[in-house]
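Student: Sharing a structure, written as structure tokens. Questions coming.
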């Protein structure tokens, strides 16, 4: 009997000692998360950071058409090749392809429940008898259409298409032969001048009877082309894009097209996404956490997107055609993504982080000022300040980049931080940038942005105080003491907006008086003093100097009381034209917009982080769900997703530029993060739904006394352990 017990015990020990089976993150990605409500994501096919986002368009107009797709729709217009993920403004939607049988009839019905999509592909049977299958390479859209009824298969190509406003300046197509066409679309929308070129190949010849071998042009109008392929059972299309020329599109086609084999492209795209999901392996008992986590990782890697041909040709920010051995990207939602997307990438993707450093600096040098929301070689000027400084400062603080790159980044940051009307007027097309130059003029002159002259004055002033601190950090790294001292002093200018009587950051007029009729719940979208928020949400935006803010408010007890009130009071937002971005409310805290994303971690600054952890638990359980409505606001090009990833792992960075992470409320049981060829492990003990607070945290068996650790401690072979309690 003892022998049997011994054998049984050895078997149990052997089983327990075996490595845990690998989780396939792709199995838990739901590409429809965020396609409902106002998440503004799309469900179509794309590669990680790829040029092509091939996705169904269910609508063209209205705020919820920003990505072209909305879950509430049951009809579609076709499938276009470029889309924005999670933005609050629409653009792109170029080259809409609509398959039909015999006669085109729009819109086309489809059953939402019949859609089949994962990271890398999208498939849907249409009510017109055609089954659409979509995938991509980095620069080529792959279409595969089959039909289950008799009739002639046709393709309608809208050479120029644009989502959510804007208009076409010029469109063109040229028929090369009976299976090849090329062309381009030049539009004016969110991007001031947006040119994209295509080269398309069809697997079957189309009828040339009513078509001519010549160019077709259109100005300020859409061009449409109908191609008839006869009674065939299936049709494949390879549709290559380029930002430079039709010749560039052809080069991209020749480099990435390997023959008409949809399943091959689909499997390659899935495999490419698998390399992304393998960067972080998590374990959890909660299936929703798995879905939220890997869907968030998927959304984090859609943009920025490649905007360069395979041979290195790209269109620079000064609109000149250039060549580079470094990759050029577009769609940087910097004001959103400096907070969590780029800090996350510094941990899990060093190579991409290095690419972004060089690309952001290069863009700045092409126009002599840091880029702000660059889109298709344009500075859109969207959002406030010079947030590229925060991305660069954080990367350099963590040891990325060279000293020469740091010097270049500091020089550009100084150009952006100091008022220069000639520079701004000469280089930047967007009217928004010229208006914001007025803010910078007054900040340079009197130390603050006056509310009776400048729009969004409080938000602008608070943001640039933080960016000035980021500049000081970079200057410190270079030993530039005079610059560092100047910008550390400038970073204290947030105090200009603080009203000691109301204890809010409040709009101040040019003569130094406070704006009358102050209501901290008031939000005015167009002409207010707060950008996409109100005084309750913005009064906490001093991430670089929380202790200074605490003292300004009157000390720890007053600060704690005010912070408690933020989360516990009613969620009424006043103002006739309040910002639609104030969503995901807990009290007046708005998780659906970025200025609130650091606030829970301010509790750690007064030794009360467990209060913050209870709120974090509520945010992650109530404002993230694996459903189309599962994102509580615009997804914002990965920011809401990256916030979830970091917090689910159990930590967050209060102020990018300071490489300090604070322990939060983890949602996973364990994780393995691939770092420099090794593993950084996270183990969470006693992690139950009821255990929302942290008993202790240790890194490599050393207790984290203040519940913080440094980026430099995230090393291969290291282990972070967190013990939870009720």
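The values are calculated or read from the model by the stated rules, or taken from the named source; none is laboratory data. In this text the structure is predicted, and so the values were computed from the model without any measurement. Ideal geometry is used to build each Cβ from the backbone, glycine not excepted, and the neighbour counts take in all protein chains shown.
Student: Within the group 535, 565, which residue is touching a helix residue (DSSP H, G or I) at 6+ places or on another chain (Cβ under 9 Å) and either over 14 Å from residue 503 (Cα atoms) or surrounded by fewer than 22 Cβ atoms within 10 Å (Cβ to Cβ) (or both)?
Tutor: 565
Student: If you scan region 412-451, which residues turn out to be at pLDDT 90 or above, surrounded by 15 or more Cβ atoms within 10 Å (Cβ to Cβ) and either over 25 Å from the mean Cα position of the chain (by Cα) or not assigned by TED's automatic domain parsing to the domain that holds residue 543 (or both)?
Tutor: Correct list: 414, 415, 448, 449, 450, 451.
Student: Also, quick follow-up: Please go through region 56-70 and give me each residue that is surrounded by fewer than 20 Cβ atoms within 10 Å (Cβ to Cβ) and in a helix (DSSP H, G or I), ordered by number.
Tutor: If the condition is that a residue be surrounded by fewer than 20 Cβ atoms within 10 Å (Cβ to Cβ) and in a helix (DSSP H, G or I), then 63 is the only one that fits.
Student: Return the residues of region 167-181 that are crowded, with 19+ Cβ neighbours inside 10 Å and part of a loop (DSSP other than H, G, I, E, B); say none if nothing qualifies.
Tutor: none
Student: Please determine, by comparing only the residues of region 660-687 that are out of contact with any strand residue (DSSP E or B) (no Cβ under 7 Å at 6 or more places or on another chain) and part of a loop (DSSP other than H, G, I, E, B), which one is surrounded by the most Cβ atoms within 10 Å (Cβ to Cβ).
Tutor: Ranking the candidates gives 665 first.
Student: Anything in region 698-714 that is surrounded by 15 or more Cβ atoms within 10 Å (Cβ to Cβ) and either assigned to a loop (DSSP other than H, G, I, E, B) or free of Cβ contacts under 8 Å to residues at least 40 places away in the same chain (or both)? List them, or say none.
Tutor: 698, 699, 704, 707, 713, 714
Student: Being at negative phi, in contact with a helix residue (DSSP H, G or I) (Cβ under 7 Å, 6 or more places away or on another chain) and part of a strand (DSSP E or B) narrows it down to one residue among 216, 238; which is it?
Tutor: 238
Student: Does region 452-462 hold any residues that are in contact (Cβ under 8 Å) with a residue 60 or more places away in the chain and surrounded by 24 or more Cβ atoms within 10 Å (Cβ to Cβ), and which are they?
Tutor: Listed by number, the residues that qualify are 456, 457, 458, 459, 460, 462.
Student: Quick check on region 343-357. Is at least one of its residues part of a loop (DSSP other than H, G, I, E, B) and free of Cβ contacts under 8 Å to residues at least 60 places away in the same chain?
Tutor: The answer is no, given that none of the residues of region 343-357 is part of a loop (DSSP other than H, G, I, E, B) and free of Cβ contacts under 8 Å to residues at least 60 places away in the same chain.
Student: Which condition number in (1) at negative phi; (2) in a loop (DSSP other than H, G, I, E, B) is the one that residue 124 fails?
Tutor: Condition (2) is where residue 124 drops out.
Student: Can you confirm whether region 283-296 contains a residue that is in contact with a strand residue (DSSP E or B) (Cβ under 9 Å, 6 or more places away or on another chain), assigned to a helix (DSSP H, G or I) and not assigned by TED's automatic domain parsing to the domain that holds residue 678?
Tutor: Checked region 283-296: no residue is in contact with a strand residue (DSSP E or B) (Cβ under 9 Å, 6 or more places away or on another chain), assigned to a helix (DSSP H, G or I) and not assigned by TED's automatic domain parsing to the domain that holds residue 678.
Student: Just checking, which of 600, 583 is buried (at least 16 other Cβ atoms within 10 Å of the Cβ), within 24 Å of the chain's Cα centre (by Cα) and assigned to a helix (DSSP H, G or I)?
Tutor: So the residue among 600, 583 that is buried (at least 16 other Cβ atoms within 10 Å of the Cβ), within 24 Å of the chain's Cα centre (by Cα) and assigned to a helix (DSSP H, G or I) is 600.
Student: For region 501-521, does any single residue satisfy the condition of being under 30 Å from the mean Cα position of the chain (by Cα), assigned by TED's automatic domain parsing to the domain that holds residue 336, under 23 Å from residue 389 (Cβ atoms) and crowded, with 22+ Cβ neighbours inside 10 Å?
Tutor: Scanning region 501-521 turns up at least one residue that is under 30 Å from the mean Cα position of the chain (by Cα), assigned by TED's automatic domain parsing to the domain that holds residue 336, under 23 Å from residue 389 (Cβ atoms) and crowded, with 22+ Cβ neighbours inside 10 Å.
Student: Quick one: which of 223, 163, 134, 157 is within 15 Å of residue 80 (Cα to Cα), in contact with a helix residue (DSSP H, G or I) (Cβ under 7 Å, 6 or more places away or on another chain) and touching a residue at least 12 places away in the same chain (Cβ under 8 Å)?
Tutor: 163
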